[in-house]
Structures are given as C-alpha cells and as structure tokens.
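All remarks here apply to the structure that follows.
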Amino acid sequence: AVSAVREDSKAETWRRCGGCRNGSDSLSKETVLNFYQKMTLLNTMDRILYESQRQGRISFYMTNYGEEGTHVGSAAALDPTDLVFGQYREAGVLMYRGFPLDLFMAQCYANADDLGKGRQMPVHYGCKDLNFVTISSPLATQIPQAAGAAYAVKRENANRAVICYFGEGAASEGDAHAGFNFSATLECPLIFFCRNNGYAISTPTNEQYRGDGIAARGPGYGMLSIRVDGNDVFAVYNATKEARRRAVAENQPFLIEAMTYRIGHHSTSDDSSAYRSVDEVNYWDKQDHPISRLRHYMTARDWWGEDEERAWRKQSRKLVMEAFERAERRLKPHPDLMFTDVYDQMTPGLEKQKEAMWRHVQQYKEHYPLDLYEK
Ligand SMILES: Cc1ncc(C[n+]2csc(CCOP(=O)(O)OP(=O)(O)O)c2C)c(N)n1
Ligand SMILES: [Mg+2]
C-alpha cells in the first residue's frame, strides 16, 4: 500500500503498513517485540515525566508522543559505534541504545547521578559511552557539527556513520544549508534524519515552506533522499538501513524525511489547543499511531495478545515508577560543580563568582536547603 501520508506531502511516501509484511519478514520475533517494548516504555516514561513537571517536581519536559516509530526504527538500523547528533525529541534513540531509565530520570531531576552533573535543562541528555552527543537547544547547531564529525569519521576510515536528527522546522535555519552542502561536497558518511512532525511549535508546515517538504531539497544539494512513513517502524528501519549502507559504502550523505505527527504539546511551556483542533490530534492518536500499528502487526502474526499486553503495561509502569522514585530521593550535585569543567583551571572571574554564590547562599540560608545537596 503506497499512499501519501499527510495531505501536505505531495510526493508519494514509501509506506509499509503493519498489515503488509514486506521488508519486516526478516526481522525476528524477538527484535520486533523489542521495538514494541522500547516504543511503549518511552511512552510510559514520557507520561510520568510530563506529569512530574505538571506537579512542579521538575522544571521542564518534552514528550515524544506519536514519533516513537521514527526513533526506534532508525536507531535499530544503526551500528552502536555510529555517532548520534540529536535535536531534543529523540529520547527513544538513546533508549534503544541502552540508556537506562535511572539516567533519564537523573538528567531530568538534575541529581548527583546525572552524567551532566545537573547543569542542563531536562531532556538535554548526552552519553559518551553510547556515542550520543549531548543535546543543545539552539536549533540546527547539530547539523554542521554532524557534518564535521562525519568528515572526521571518513578520514578515520572506520566503517562508521554519523546520524543527525532534526525537525522540519530546524531545516529552515541557515545552519541546515551549511551542513547539507558541506557534507555533500566533502562526501561524508552522514544520515540526515528529518522528523517532519507537522509543526515547529505553533507554526504548521504549510506556513514553513513552499516547496515539497524537506526530502525534495536533497537533489538540490546532490544528496540521495527518501521520504518515508515515519509511523511505520519497519519502513523507517528499512530506509535507515539502506541510507546507512550507502552512506558508508559510498561516502556520501543521505537525507531521510520521516513523515510523522507531534501528538503532544511542543513542550511543557506550550498549549497546542491554541493553534490546532482536538479532532486533528485525535486522528493521529487513534487512527495512525506507530505503536498501535506495530501492535496490529504483532497480533496478526500471533506474537502478542491481551495477556502479554497487560503484563507488559504493568511491568513497564513499575520499572518507570521505581526509577522515578529513586531519582527523586537522590541528592543534588555539589553546588561547586556549577563552576567546573569549562576551563581546565577555573579563571579568577569564575573564582569570584563562586565565592559570591557561597556568600549569597549563607546570607539567605532559609531559601537554600543545602542538606539536599551532596557534601
Ligand atoms: C535558533 C533557535 N531559534 C528558535 C528557537 C526556539 N524553538 C525551540 S523549538 C522550535 C521549533 C522547532 O521545530 P522543529 O524543528 O520542527 O522540531 P519539533 O519541535 O517539531 O520536534 C523553536 C522555534 C531555538 N531553540 N533556537
Ligand atoms: Mg516539527
């Protein structure tokens, strides 16, 4: 079944629905169940952390609702040594690579276990061991950085690729042009993965560009490009697998545009009911959700039923709740860590700021519960 996925995408999209087994036959039951478990675990974690923010337990959060298929399908097609540059809505990629719930929670709670030592806003994950470059919010900065990294990878000749995720909104930044052109002309093994989820905060795609989406820009840069149904985890997997193969074998960038839909608000600072209808959101939630589509496939193959679903829902919720409770109890990092690691040796200016901070904290002790911080 090949059909246009969203009304605003004029080109045909490579669509493989859960009902047709093309391409996914080669994936084992174990692999497919793992896809499903990662997609639903991400969904459960999102729900708990979103609620945490609403209750004032954490400062901010961004959900990944509706885009789970793009994360898991693409992550599964990569080699663990491939380097990932994300935007901020790709937590499922990191989860698929093995980042534990405890570390997701530690980052959002900025506790003493956070690999970033509590210095970043929630969802700005990073993990050197999993080859996942720390998220930075200024849009599209990761695109030229990924081009540079892919050039370095090529020079190492290490049979490695770089993948760079970005939203269709970020593709309007000047940095996107620089990254696309550098990687094409320098012939870098780079997969550009655009999550076209219909919105850049409140701006719908029909106000973002006049051409045919993001994939149509690829040929202008001399880049191989494909548009794929982002809510079909198998289609995303197949497209990314082939993009990676060609990027590495032929040293060239490959642009993927995955058509999907942002079901949640942009972030906890946004209320999307101000700019889109409940009917629109419901359509994607009820009719074309990557998780339910995958579940239909598993059911059709007799791999999954009500009992498995009930048991997994219970187990996954327990895993998330336990990690959440551990994170909340954990102490915060020592306040001195705010001043370290940028310079090898702290500058005199920073030393002064640190002393000023401690004077302030001593003076207004009642507002600073130091017993919650590591000594
Ligand atoms: C340089 C820059 N400009 C503006 C912003 C504010 N901003 C944050 S997210 C966002 C929308 C991005 O949309 P898109 O790339 O489609 O990603 P999505 O949120 O849909 O996943 C904007 C405008 C920013 N972070 N950085
Ligand atoms: Mg978007």
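Please figure out what share of the DSSP beta bridges in the chain is antiparallel and state it in percent, rounded to the nearest 5.
10 percent
Taking only protein heavy atoms into account and a 1.4 Å probe, give the accessible area per residue of the chain in Å².
47 Å²
So if we plug the beta-carbon distance of N157 and D271 into 1/(1 + (r/R0)^6) with R0 = 35 Å, what FRET efficiency do we get, rounded to 0.05?
0.10
On the full set of protein chains, 1.4 Å probe, figure out the accessible area of S225 and give it in Å² to the nearest 10.
40 Å²
For L130 and E374, calculate 0.36 nm times their separation in residues minus their Cα-Cα distance, and state this gained length in nm to one decimal. Don't skip to the answer; put the middle values down first.
Details: separation 244, 0.36 × 244 = 87.84 nm, distance 2.67 nm.
The span from L130 to E374 would gain 85.2 nm if fully extended.
So if each residue of separation counts as 0.36 nm, and I subtract the Cα-Cα distance between E325 and L337, what length gain in nm does that give?
Length difference between fully extended and current span is 1.9 nm.
When the Cα centres of the stretch 260-286 and the stretch 215-235 are compared, how far apart do they sit, in Å?
24 Å
Please compute the net charge surrounding R330, taking Lys and Arg as +1 and Asp and Glu as -1 over other residues with Cβ under 15 Å from its Cβ.
Taking every other residue near R330 into account, the sum is -2.
If you fit an axis through the alpha-carbon atoms of helix 142-156 and take the longest principal axis of the Cα set of the chain, what angle between them do you get, 0 to 90°, nearest 10?
Helix 142-156 and the main axis of the chain meet at about 80 degrees.
Given the -39500 (n - 2.57) contribution per DSSP H run of 4+ residues, what per-residue ellipticity at 222 nm results for the chain, rounded to the nearest 500 deg cm²/dmol?
Result for the chain, helices only: -13000 deg cm²/dmol.
Where does each of M45, M321 land when they are ordered by accessible area, with a 1.4 Å probe and the largest first?
Highest to lowest solvent-accessible surface, that is M321, M45.
Have a look at the DSSP beta bridges in the stretch 166-302 and tell me what percent are antiparallel, nearest 5.
Close to 10 percent.
Measure off 7 Å from each Cα along the Cα-to-Cβ vector at E250 and E309, then give the distance between these two points in nanometres to one decimal.
4.2 nm
With the contact rule set at Cα under 8 Å and sequence spacing of 6 or more, what percent relative contact order holds for the stretch 81-148?
Worked out over the stretch 81-148, it gives 39 percent.
Straight-line reach from K352: which aspartates and glutamates fall under 17 Å, measuring Cα to Cα and dropping same-chain residues less than 8 apart?
Partners within reach: D336, D341, D344.
So if I take the centroid of the Cα atoms in the stretch 66-126 and the same for the stretch 147-188, what is the distance between those two points in Å?
So the separation of the two Cα centres works out to 20 Å.
Could you grab the relative contact order for the stretch 29-329? Cα pairs under 8 Å, six or more apart, rounded to a whole percent. Numbers along the way, then the final one.
Numbers: 554 pairs, mean separation 70.1, N = 301.
Over the stretch 29-329, the number comes to 23 percent.
Could you sort Y368, Y237 by their accessible area in this structure, using a 1.4 Å probe and putting the largest first?
On the way: Y368 90, Y237 35 Å².
The residues order as Y368, Y237, largest area first.
Output ³J(HN,Hα) for the stretch 117-126: one whole-Hz value per residue in order, computed from phi by the Karplus curve 6.51 cos²θ - 1.76 cosθ + 1.60 with θ = phi - 60°, and x for Gly and Pro.
6, x, 8, 10, 4, x, 6, 8, 6, x
Mind checking the angle between helix 290-300 and the chain's longest principal axis? C-alpha axes, 0 to 90 degrees, to the nearest 10.
Taking the Cα atoms of the chain, the angle to 290-300 is about 50 degrees.
Please compute the length gained on full extension between S26 and S137, using 0.36 nm multiplied by the number of residues separating them and subtracting their Cα-Cα distance.
Details: separation 111, 0.36 × 111 = 39.96 nm, distance 3.75 nm.
That works out to 36.2 nm of additional length.
Students sometimes get this wrong: rank K375, K352 by accessible area, probe 1.4 Å, all chains present, largest first.
Working: K375 190, K352 145 Å².
From most exposed to least exposed: K375, K352.
Which lysines, if any, have their Cα less than 28 Å from the Cα of K38, not counting same-chain residues under 8 positions apart?
Excluding near neighbours in sequence, the set is K29, K117, K128, K241, K286, K314, K318.
Sort the stretch 246-375 into rounded, prolate or oblate with this rule: let a ≥ b ≥ c be the square roots of the eigenvalues of the Cα gyration tensor; rounded if a/c is under 1.5, and if a/c is not under 1.5, prolate when a/b is larger than b/c, oblate otherwise.
Here the stretch 246-375 falls in the prolate category.
With a ≥ b ≥ c taken as the square roots of the eigenvalues of the C-alpha gyration tensor of the stretch 111-238, please select rounded if a/c is under 1.5 and otherwise prolate if a/b is larger than b/c or oblate if it is not? Don't skip to the answer; put the middle values down first.
Details: a/c = 1.67, a/b = 1.17, b/c = 1.43.
Cα axes put the stretch 111-238 in the oblate bin.
Round to a whole number: what % of the accessible area of the chain belongs to carbon and sulfur, probe 1.4 Å?
On the way: 8780 of 17520 Å².
Looking at the chain in its full context, I get 50 percent from C and S.
The values are calculated or read from the model by the stated rules, or taken from the named source; none is laboratory data. Model, not experiment: these values are computed from the prediction. A quick note on method: Cβ atoms are made from the backbone with ideal geometry, for glycine too, and the neighbour counts reach across all protein chains shown. Side chains are part of the model used for accessible areas, which takes the heavy atoms of the whole protein and leaves out ligands, DNA and RNA. Shrake-Rupley method; radii C 1.70, N 1.55, O 1.52, S 1.80 Å.
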